[in-house]
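Asker: What follows is a single structure, and I will ask about it in a moment.
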Amino acid sequence: MSFYDAPDSSSNPLLRDPAMDEFDTRQLLANAAEQAAARGYDEFLIVDADSHHYETESFSEIAEYITNPVIRDEAKYQGMARSGIASVDGSYQEMQDRVSRISKRRSEKVPANPHRDITLMHRWMDPMGVDIACMFPTPMLTLSNCPRIETEIALSWAYNEWLCERILAEDPRIKSMLYLPFNDPDECLKTVQHFARKPGVIGFMVTSTHYRQVHDNAYAKTYSAIQELDMPLSFHAGYSWSDRGVAMLNRFIGVHALGFTWHNILHMTNWITNGMPERFPRLKTIWIESGLAWIPFLMQRLDNEYMMRTSDCAILKKRPSEYMREMYYTTQPMEMVDNRKALELTFEMINAKTQLLYASDYPHWDMDLPSTIYDLPFLDERSKRAILGGNAQRVFNLDATLSDAKVKRRKNLNSSAGTCDSTAKAR
């Protein structure tokens, strides 16, 4: 049979081209929905402490919130992609081979209301069993590397205003820790003071590709304000191929492996050795998107150095590792290698049962489903539920409200069970 005699692929599912299908997140996550049902996620709260949207898809809206007319016009002209107004690095994070959820989501059809970002969030949250998600931007996470501080301030303020008004205020399931323009300490404080009481704001975030010292006294007022609000301060890791050390790497796999961990290692070292946990003892800190393997390494290195040069950190009242065990960490990307003993020991060293928060990092190519936690053989049911949602509920002061999808399924299940009981009694 020649090519021209080939059967119509539309009538043969074995020959269909998936690339021709209309993209729908719910269909893409069908297996995740099966996992959620099989593991009984409807029975407990799941909070995703680190998920993302692509603010570039709504950038025409966000740009209207920029008050500086010159920067507003520049932003409209250049856009906010990694090659846009604040760009430093390339778009390697978005080059995902067969992973289609980034490239195709732009074509996904959604209703006119609610906002597109709300619909797309729900379409991945429900199949995965996530009740509440903390949403972050994506390209804007490298904004701290922009050489124009006024641009960082203008864009971050506009994004935060847009996010609070158009997304967070409209949907109680979506939360965010807002971006702090860390290159300007005064603007960081203004951001906290202006946005802290807005619906859906559950903390504030520093993107860890910046090159400012986290222990600088210029940030003391900001840290104090966040502490008094009983909100967490998060350090969201990132990579920068323009970093002088990381620039020596010639493969993105190396940049991704080291870049996300290196900046959190650097900032946490400064945070601890300069006594920030003693200066702000009630300030909850969260270290995001750098995995877990680096934490035991840093605990051991800092403890070893501290025991030899305690006078360097005279403000500390206990070993660095003890402070680290009181901090919070997110799971993704959890190093799921063959040696599970290393992962189990890591969980023990960081007090994971109380200090670890589940994170998917959806929709990025290296995302983790809740099953990465739920299927761990060394965790009991109580610990799994704490990591998947209970710990985040406590840290962020959240209501333990299950999603409408879960409530509906449970109601239908109870209704079906009641019908079966009535039928059995009638017999």
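Asker: What number of residues within the range 166-202 are under 20 Å from A49 (Cβ atoms) and among the basic types (K, R)?
Answerer: Within the range 166-202, residues that are under 20 Å from A49 (Cβ atoms) and among the basic types (K, R) number 3.
Asker: Determine if the range 167-181 includes at least one residue that is closer than 20 Å to M140 by Cβ, of a type in the set (V, I, T) and not in a helix (DSSP H, G or I).
Answerer: yes
Asker: Okay, next question. What residue, of S144, S156, is among the hydroxyl-bearing types (S, T, Y) and modelled with pLDDT of 95 or more?
Answerer: Being among the hydroxyl-bearing types (S, T, Y) and modelled with pLDDT of 95 or more holds for just one of S144, S156, which is S156.
Asker: Out of (1) exposed (fewer than 12 other Cβ atoms within 10 Å of the Cβ); (2) touching an Asp or Glu at 6+ places or on another chain (Cβ under 9 Å), what's the single condition that is false for A293?
Answerer: Checking A293 against (1) exposed (fewer than 12 other Cβ atoms within 10 Å of the Cβ); (2) touching an Asp or Glu at 6+ places or on another chain (Cβ under 9 Å), the one that fails is (1).
Asker: Restricting to the range 190-221, give me the number of residues that are modelled with pLDDT of 95 or more and assigned to a strand (DSSP E or B).
Answerer: 6
Asker: Which is more than 20 Å from E57 (Cα to Cα) and either among the aromatic types (F, W, Y) or under 18 Å from the mean Cα position of the chain (by Cα) (or both), of T207, T222, T191?
Answerer: On the way: T222 fails: either among the aromatic types (F, W, Y) or under 18 Å from the mean Cα position of the chain (by Cα) (or both); T191 fails: either among the aromatic types (F, W, Y) or under 18 Å from the mean Cα position of the chain (by Cα) (or both).
The conditions single out T207.
Asker: Tell me which of these A169 doesn't satisfy, since it passes every other one: (1) touching a residue at least 60 places away in the same chain (Cβ under 8 Å); (2) touching a Gly at 6+ places or on another chain (Cβ under 9 Å); (3) hydrophobic (A, V, I, L, M, F, W, C); (4) over 16 Å from H236 (Cα atoms).
Answerer: If we test A169 against (1) touching a residue at least 60 places away in the same chain (Cβ under 8 Å); (2) touching a Gly at 6+ places or on another chain (Cβ under 9 Å); (3) hydrophobic (A, V, I, L, M, F, W, C); (4) over 16 Å from H236 (Cα atoms), just (1) comes out false.
Asker: Hey, another quick one. Looking only at helices (runs of 4 or more DSSP H) that lie completely in the range 307-374, which have at least 1 residues being polar (S, T, N, Q), more than 22 Å from Q393 (Cα to Cα) and touching a residue at least 40 places away in the same chain (Cβ under 8 Å)? Lay out the reasoning, then the answer.
Answerer: On the way: elements: 320-324, 340-349, 352-355, 371-374.
Of the helices (runs of 4 or more DSSP H) lying wholly inside the range 307-374, those with at least 1 residues that are polar (S, T, N, Q), more than 22 Å from Q393 (Cα to Cα) and touching a residue at least 40 places away in the same chain (Cβ under 8 Å) span 340-349.
Asker: Another one. Only one of (1) more than 22 Å from V70 (Cα to Cα); (2) modelled with pLDDT under 95 fails for T151. Which number is that?
Answerer: In the conditions (1) more than 22 Å from V70 (Cα to Cα); (2) modelled with pLDDT under 95, T151 misses (1) alone.
Asker: Oh, and also: Taking the range 378-418 as the search range and keeping residues that are at pLDDT below 95 and among the basic types (K, R), which one is surrounded by the most Cβ atoms within 10 Å (Cβ to Cβ)?
Answerer: Of everything passing the filter in the range 378-418, R409 is surrounded by the most Cβ atoms within 10 Å (Cβ to Cβ).
Asker: Can you confirm whether the range 186-197 contains a residue that is small (G, A, S), surrounded by fewer than 22 Cβ atoms within 10 Å (Cβ to Cβ) and more than 30 Å from F23 (Cβ to Cβ)? Working first, answer last.
Answerer: Keep residues of the range 186-197 that are small (G, A, S), which gives 196.
When the remaining residues are screened for being surrounded by fewer than 22 Cβ atoms within 10 Å (Cβ to Cβ), the result is 196.
Remaining after also requiring more than 30 Å from F23 (Cβ to Cβ): 196.
Yes; the residues of the range 186-197 include at least one that is small (G, A, S), surrounded by fewer than 22 Cβ atoms within 10 Å (Cβ to Cβ) and more than 30 Å from F23 (Cβ to Cβ).
Asker: Another one. So L163 ticks every box in (1) in contact with a helix residue (DSSP H, G or I) (Cβ under 6 Å, 6 or more places away or on another chain); (2) farther than 25 Å from N217 by Cβ; (3) of a type in the set (A, V, I, L, M, F, W, C) but one. Which box is left unticked?
Answerer: The number of the failed condition is (1).
Asker: Every residue in the range 325-340 that is out of contact with any Phe, Trp or Tyr (no Cβ under 9 Å at 6 or more places or on another chain) and either modelled with pLDDT of 95 or more or not hydrophobic (A, V, I, L, M, F, W, C) (or both), please. Talk me through it step by step, then tell me what you get.
Answerer: Just the residues of the range 325-340 that are out of contact with any Phe, Trp or Tyr (no Cβ under 9 Å at 6 or more places or on another chain), to begin with: 325-326, 334-339.
Residues satisfying the conditions are R325, E326, E335, D338, N339.
Asker: Please go through the range 227-237 and give me each residue that is out of contact with any Lys or Arg (no Cβ under 8 Å at 6 or more places or on another chain) and buried (at least 23 other Cβ atoms within 10 Å of the Cβ), ordered by number.
Answerer: First, pick out the residues of the range 227-237 that are out of contact with any Lys or Arg (no Cβ under 8 Å at 6 or more places or on another chain): 228-229, 234-237.
Residues satisfying the conditions are S234, F235, H236, A237.
Asker: Would you mind stating whether D243 is of a type outside the set (A, V, I, L, M, F, W, C), part of a loop (DSSP other than H, G, I, E, B) and at pLDDT below 95?
Answerer: Details: of a type outside the set (A, V, I, L, M, F, W, C): yes; part of a loop (DSSP other than H, G, I, E, B): yes; at pLDDT below 95: yes.
Yes; evaluated as a whole, the condition is true for this residue.
Asker: Could you count how many residues in the range 35-68 are under 19 Å from R394 (Cα atoms) and either part of a loop (DSSP other than H, G, I, E, B) or at pLDDT below 95 (or both)?
Answerer: So the count comes out to 3.
Asker: Taking the condition in contact (Cβ under 8 Å) with a residue 12 or more places away in the chain and closer than 22 Å to M121 by Cα, does L163 pass?
Answerer: Numbers: in contact (Cβ under 8 Å) with a residue 12 or more places away in the chain: yes; closer than 22 Å to M121 by Cα: yes.
Answer is yes for this residue.
Asker: Can you name the number of the only condition in (1) of a type in the set (S, T, N, Q); (2) touching a residue at least 40 places away in the same chain (Cβ under 8 Å); (3) not in a loop (DSSP other than H, G, I, E, B) that N304 fails?
Answerer: (2)
Asker: Scan the range 142-162 and tell me whether some residue there is under 24 Å from D368 (Cα atoms) and in a helix (DSSP H, G or I). Full working, then the answer.
Answerer: Looking only at the range 142-162, we keep the residues that are under 24 Å from D368 (Cα atoms), and these are 142.
Going one step further and asking which of them are in a helix (DSSP H, G or I), we end up with 142.
Taking every residue of the range 142-162 in turn, at least one turns out to be under 24 Å from D368 (Cα atoms) and in a helix (DSSP H, G or I).
The values are calculated or read from the model by the stated rules, or taken from the named source; none is laboratory data. Values in this document were obtained by computation on a predicted structure and should not be read as measured data. Counting neighbours? That spans all protein chains shown, and the Cβs are built from the backbone with ideal geometry, glycine included.
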